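The values are calculated or read from the model by the stated rules, or taken from the named source; none is laboratory data. Since we're looking at a predicted model, the values are computed, not measured. Here the Cβ positions follow ideal geometry from the backbone for every residue, glycine too, while neighbour counts run over all protein chains shown. Side chains are part of the model used for accessible areas, which takes the heavy atoms of the whole protein and leaves out ligands, DNA and RNA. Shrake-Rupley method; radii C 1.70, N 1.55, O 1.52, S 1.80 Å.
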Amino acid sequence: MGALELNTSGDHQERVTLFADVLLPVPITNLFTYRVPFELNEFIDVGYRVIVQFGKRKIITGIVAKIHENPPVVYQAKYIIDLLDDQPIMNTYQLDLYEWLAGYYMTTMGEVLNVGMPSGLKLSSESKIQINPEFDFEQSIIGFSNQEQLILDVLERDRVITYGEAAQILQIKSYLKIIKSLIAKEAILIFEEVKEKFTPKKETYYRLTHHWLQKEYLEELMIELEKRPKQMDVLLAYLQEVPVFKNKELNIGGILKKDLKDKGISESSLKTLEKNLVFEHFTKVIPRFSIPEHDNGFTLKLTEQQKIVKTEILKSLEEKQTVLLHGITGSGKTEIYIDLIHDVLEQGEQVLYLLPEIALTTQIVTRLQKVFADRMGVYHSKYSDNERVEVWKGLMSGKFPLIIGVRSSVFLPFDNLGLVIVDEEHEFSYKQYDPAPRYHARDVAQVLARIHHAKVLMGTATPSFESFYLAQEGKYGFVSLNERYGEAKLPKIIYADLTKERKQKIIKGDITSVLAEKIGNALGKNEQVIIFQNRRGYAPYISCEECAWIPKCNSCAVSLTFHMYYNQLRCHYCGHHERLPVTCPACGSTKLNTVGFGTEKLEEDLKLMFPEARIQRMDLDTTRRKFSYQKIINDFEQGAIDILVGTQMVSKGLDFDNVTLVGVFDVDRMLHFPDFRSFERTYQLAVQVSGRSGRNEKPGEVVIQTTNLKQPILHYITRQNFLEYYNHEILERHKYKYPPFYRLIRITLKHRESGIIHKASENLANKIKIHINKNLVLGPHEPMISKIRNFYLMEILIKIHRTNTDLAKVKAKLIEAANLLKQDNAFRQVFVVFDVDPY
């Protein structure tokens, strides 16, 4: 791309003026055009990171999306300040995907980039400059220019300054060259105040200098060091681990400084030997991930049924890009995935294995490491920015041809993708809600595969209605696996009648006698139990017994949830928290009672009922640290936990041989949630969490607590017959114009004043109804939570027929209506957010 010079006639050469369209991580509709400095012409290309000025003072990292020779018409192009890379860090496949995401999800490519690229690959004007702690200011100031000294003087006084402040101090356009010079002289360090900037992880090693590798010289040295026993100890400790007498080549690798110190040597003696040129130190860049060795003892052997299913999948993939694998819980879908991954990697192609939850990656990663060892990279939000950059670069270099990760993995720089596996494809965790782009990773995976001419395999025991419908219509291939792996059988479903037990007063707290008895039996046989309650915290809220006062969040229209461990009331929407009051602020009463229950209260009740049992909770509150999931899952797997209480993260794909009982709470609340998918999601959650029980030869049981045993969905859960349930529910979807027959776009309006937001939403709805049938425009209406972080909310829901509508044209009309709304001064400060496929 972009040659530096053009040959004209003879030896005369003319330099070409190049321009670069740069993708910036800011919410603007268009790419911004910059002029390429002549000295960068032969180096710059699509996919490189560049440092550019955006606005008057902001310095940000952008990605080159196009090189051309056409200057912008409506503004004068600024120069690119610098080129950050010696090779591209993004490819054209990614840029094509980003463009599709921006168009389909009604956002900007800048917002896609902001989410897609790890923070460790970004530079912003909020980057900070400080003195290098190892820089000797008094002795090293010689050889620095006046401008460099000026920066150093300010840093000595103020300790830290920003890029913007450096520009003001120097008062020159090329101030970044001064900063780069100071970095090269190791006088300053650049760091992000909030976010990490990628730096390779390094470790210090020591080795003998080349002179002492000659045997006679080394013997002379040992005689000399007999008078210095501590230095002799250092040398002997080194020679013990690195026997250079036998093989001089071993000295090249040296010994890790930490390993040398662990031998009890004197660090000051080591420094003396280094000063006397006996030893030298060097650094090695090491991965932040432990690289497991291939488990040679592990062999994957598919059952006859799994072999048949694999053959059917491959046959179907010959005709279709996407295949839906409907396999009941515990049927061994993962083994089929592993076998397919192995085949694709052997062909020299890449594989993306998508999972809905970080918790699920822990167990799957352990299983896959036995097979693929260091060929596999793991990518999710619990990893630091530096770790995610290492995976990004590892994929580009070919080190990690297999990526296992959550939804953000779709943004990685694949260049030879052969297969995408979407495990638990029904999971709504694949949907991102904030910030934009509000994408669904399952759907993005389809486009990603199409761009790469790759194949997609989606697997689940409880398919989403959209995927199953497309399979029924012949758009996807479809394969079933209806037998559990080995000798395992589906668990027995038992319903506990909450209404009956409350009348008879035999319920203990929120735990029915039926469930309590089953837990006792399981513990008595040294078997494990999972308790599922899809609500964290101790209680949804507290209430005053005298005046019915309920504490609410000042910034959001929700009650505060009580968390006993912290003795706090917390808002799960904005993060506000406050101490639990001793008396009611309204009437002064001390009778403050908890209402309802969450995982924290269940954990407490179970500890009182079963004091000998080892009980652990797994929810957002207990898994905030990086390795929290891994520790809890490993402890449960190794039998160090008897009862695991958790939210939906315990319902997905986890595999524990000794779990024979699952208890399900609050199924009624899930059923009556105001959402057209509430029945679908209740069925999925109930079947999935039930599937954690009885996954080995031991029979499993599931106890579901409910107030209404006559609810029709319970019949479908008992039979675990998805097709029967689907055929019943799909008629309702068609009748009321919901997916999979209609697409949905939710428009949310936000403003700090309630009156303005109501007027704005009415105004926007009227504008939309000019272009769209008013019967397909629902609202405006207040959402269930009508105020979050001091912003009042209103919603409009648009229904769009899946096959008979120009979707792009409808989106364009919606954006046009929103832009017209904001032209009115009264509504200029109203935020309008589009969410395509919101549920």
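Tabulated data
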{"quantity": "Segment Ser397-Glu753, extension gain: residue separation times 0.36 nm, minus the distance between their alpha carbons", "calculated": "123.0 nm"}
{"quantity": "Unpaired by the 4.7 Å Cβ criterion, cysteines found in the chain", "calculated": "Cys574"}
{"quantity": "Computed label-point distance, nm, for sites Lys201 and Thr29 using a 7 Å Cα→Cβ extension", "calculated": "4.5 nm"}
{"quantity": "Listed peptides 348-358, 564-574 by packing density, highest first (mean Cβ within 10 Å)", "calculated": "348-358, 564-574"}
{"quantity": "Mean Cβ count within 10 Å, highest first, over the residues of peptides 590-598, 828-836, 154-162", "calculated": "828-836, 590-598, 154-162"}
{"quantity": "Shape category assigned to the range 574-722 from the gyration tensor of Cα positions, a/c cut at 1.5", "calculated": "oblate"}
{"quantity": "Tilt relative to the chain, helix 146-158 - C-alpha long axis, 0 to 90 degrees, to 10", "calculated": "50 degrees"}
{"quantity": "DSSP bridge orientation in the chain - percent antiparallel, rounded to nearest 5", "calculated": "60 percent"}
{"quantity": "Within straight-line cross-link reach of Lys399, lysines at Cα separation under 19 Å, skipping those fewer than 8 residues along the same chain", "calculated": "Lys201, Lys202, Lys284, Lys370"}
{"quantity": "Contact order relative to length of the range 465-537, as percent, for alpha carbon pairs under 8 angstrom and 6 or more apart", "calculated": "13 percent"}
{"quantity": "Positive minus negative residues near Lys177 (Lys, Arg vs Asp, Glu; Cβ under 14 Å)", "calculated": "0"}
{"quantity": "Normalised contact order of the chain, rounded percent, pairs of Cα under 8 Å and 6 or more residues apart", "calculated": "10 percent"}
{"quantity": "Charge-dipole axis of the chain as Lys and Arg at +1 and Asp and Glu at -1 on Cβ define it, positive-most pick from Ile506, Ala449, Asn721", "calculated": "Ile506"}
{"quantity": "Segment Asn825-Leu731, length gained on full extension (0.36 nm per residue, minus Cα span)", "calculated": "29.3 nm"}
{"quantity": "Paramagnetic reach from Ile815 in the range 745-776 [backbone N under 20 Å; point 7 Å along Cα→Cβ]", "calculated": "745-750, 764-765, 767-772"}
{"quantity": "Whichever lysines have a C-alpha closer than 28 Å to that of Lys503, once near sequence neighbours (fewer than 8 apart) are set aside", "calculated": "Lys492, Lys518, Lys591, Lys601, Lys607, Lys710"}
{"quantity": "Ordering of 759-768, 246-255 by burial proxy (mean other Cβ atoms within 10 Å per residue, highest first)", "calculated": "759-768, 246-255"}
{"quantity": "Estimated Rh, the chain: Kirkwood, alpha-carbon pairs, angstrom", "calculated": "31.3 Å"}
{"quantity": "The chain - charge dipole about Cα centre, Lys and Arg +1 at Cβ, Asp and Glu -1, debye rounded to 20", "calculated": "2540 debye"}
{"quantity": "Summed residue charge, Cβ within 9 Å of Phe834's Cβ, Lys/Arg positive, Asp/Glu negative", "calculated": "+2"}
{"quantity": "Surface accessible to a 1.4 Å probe, per residue, for the residues of the chain, Å²", "calculated": "48 Å²"}
{"quantity": "Stretchable slack from Lys631 to Tyr839, in nm (0.36 nm times residue separation minus alpha-carbon distance)", "calculated": "71.6 nm"}
{"quantity": "Simple spin-label estimate for Glu226 and Leu84 in nanometres, 7 Å along Cα-Cβ", "calculated": "6.0 nm"}
{"quantity": "Within the accessible area of the chain (1.4 Å probe), percent carbon and sulfur", "calculated": "49 percent"}
